[in-house]
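The values are calculated or read from the model by the stated rules, or taken from the named source; none is laboratory data. What you are looking at is a predicted structure, and each value in this text was computed from that prediction instead of being measured. Note that each Cβ is placed from the backbone with ideal geometry, even for glycine, and that neighbours are counted across all protein chains shown. Accessible surface is based on the protein model in full, side chains and every heavy atom, while ligands, DNA and RNA are left aside. Shrake-Rupley method; radii C 1.70, N 1.55, O 1.52, S 1.80 Å.
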Amino acid sequence: MKKYLILILTIVTSLQVYAEIKVVATTTTIANLVEVIGGNKVSVDYLCRGDQDPHFLEVLPSYMLKLRNADIVFKIGLDLEKWLPQLIDGSRNDNLKLVDLSKDISKKEVPTAKVDASQGDVHPYGNPHYWLDPENAKIMAEEIYNALTDFSSQDADYFKKNLDNFNKEIDSNMKNWTSKLSGLKQKNIITFHKSWVYFETRFGLNVVGNVEPKPGIPPTPSHDADLIQLIKKDNIKIILMENYYSDSAPNHISESTGIKVVKVPIAVYGIEGVDSYIKLIDYIVNQVSANG
């Protein structure tokens, strides 16, 4: 009997050691970073597709089921996923660990005065689109490494090796990305939504206007007219926009000015072929440099 008990304990321990960490990410970009760091030690699912606006996600029972079976959920934070608390509550998973990847990010556009609805969709804790700066992706990856190591300390060396490899890949590609965008440094561009402040700052671009008059507020004819005037006056070459927004207003502005509308994904799997973080930034950089 004692031998059987020892055998059972050995099997259970073995299963615990080699069990995959079940992760749910709020976005596909986070999911990819978790796959990169966690490798074959994790199973990863996500909630918001790469071609969806992460500000808005319909609360579905299927998402709650994903969270019910998860060990860890990673989020962008900074009030981007306002829909997440309801999903977590609905999952009834008391053991679920929530990890906010914005913790060590240097936040931009943090309001200094009271925020109200008249200002549009302003995030009270800062602009949440920080993942579009590759240097911030390294911070996110470090946070993911810490969370996975806390959950499975015996795999720390494995996670660290993957983290180091990812950081090296970012550093190697940064030289190429910076070089490609160097000709656009300080050139004025228009964007659709205020998603680009981190990307703009990292690569030295200069956003002088947005198609949205205020964040999350649909374009208006009068605002379009003001942008058309600005574009003609400053000879601005591109409107950079997320591919999940309607391009009706940007195309109207383009017809009036000749400005190019550059429509790109801002998340992994946002379009076919963009299946990693490196490919995401590569695609954006190539589109901006080719059209700017």
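Taken together, the residues in the range 62-94 that are of a type in the set (D, E, K, R), assigned to a loop (DSSP other than H, G, I, E, B) and touching a strand residue (DSSP E or B) at 6+ places or on another chain (Cβ under 8 Å) amount to 2. Of all residues in the range 149-196, those satisfying the criterion of being within 19 Å of the chain's Cα centre (by Cα), open to solvent by less than 20 Å² (accessible area, probe 1.4 Å) and touching a residue at least 60 places away in the same chain (Cβ under 8 Å) are Leu163, Phe166, Ile170, Trp177, Ser195, Trp196.
What about Asn165, is it at pLDDT 95 or above and not small (Gly, Ala, Ser)? The answer is yes for Asn165. Annotation for the range 114-130: no member residue is without any contact (Cβ under 8 Å) to a residue 60 or more places away in the chain and within 28 Å of Glu20 (Cα to Cα). Assessment of the range 68-81 against the conditions (under 25 Å from Asp150 (Cβ atoms), of a type in the set (Lys, Arg) and in contact with a Leu (Cβ under 7 Å, 6 or more places away or on another chain)) yields at least one matching residue. Total residues in the range 49-89 satisfying the condition of being among the charged types (D, E, K, R) and more than 26 Å from Tyr245 (Cα to Cα): the figure is 4.
Scanning the range 38-54 for residues that are part of a loop (DSSP other than H, G, I, E, B) and surrounded by fewer than 18 Cβ atoms within 10 Å (Cβ to Cβ) yields Arg49, Asp51, Gln52, Asp53. Taking the range 203-289 as the region of interest, the strands (runs of 3 or more DSSP E) fully inside it that hold 2 or more residues being open to solvent by 40 Å² or more (accessible area, probe 1.4 Å) and of a type outside the set (Gly, Ala, Ser) are 206-210, 260-264.
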